[in-house]
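The block underneath contains the structure these notes are about, expressed in structure tokens.
Coordinate-derived values only; no laboratory data. Values in this document were obtained by computation on a predicted structure and should not be read as measured data. Quick reminder, even Gly has a Cβ in these numbers, built from the backbone with ideal geometry, and neighbours come from all protein chains shown.
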Amino acid sequence: MNQQYDLSRSGKTNNLTISCTYVMQFETKYDELIEQYTEIVVDSMDMQALIQYAQEQLANYFDKCSDIELEEDIRNYDDNDGLYEELIDNVTNKNVEVV
């Protein structure tokens with residue numbers, strides 16, 4: 001089965017017919033390329049770099065959450081055992097030292 005793809009570059013339009021099988025094979029190979037490269041990058045990172053990367057990714061994720069989603073995530077993290085209230089108290093109390 002062939003599908004028609006319209007690819008544009010520099011204002012010019014080229015009509016290409018690409019087989020779905022080829023596209024699927026390319027996507028599989030691309031996924032394998034990403035997986036192998038990811039393993040190489042992670043293997044080359046020390047523990048501090050891994051921790052820093054994980055913290056940055058989590059901060060980016062939480063930054064995109066709504067207030068309600070963030071509260072729900074925090075409460076689910078500690079089974080609603082008071083962590084959310086403690087964190088709110090920490091950020092609203094100016095005398096708390098952040099570690």
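Using a simple spin-label model with pseudo-atoms 7 Å out from Cα toward Cβ, Val41 and Asp79 lie 3.6 nm apart.
With each label modelled as a point 7 angstrom along the Cα→C-beta vector, the Cys65-Ser19 pair spans 4.7 nm.
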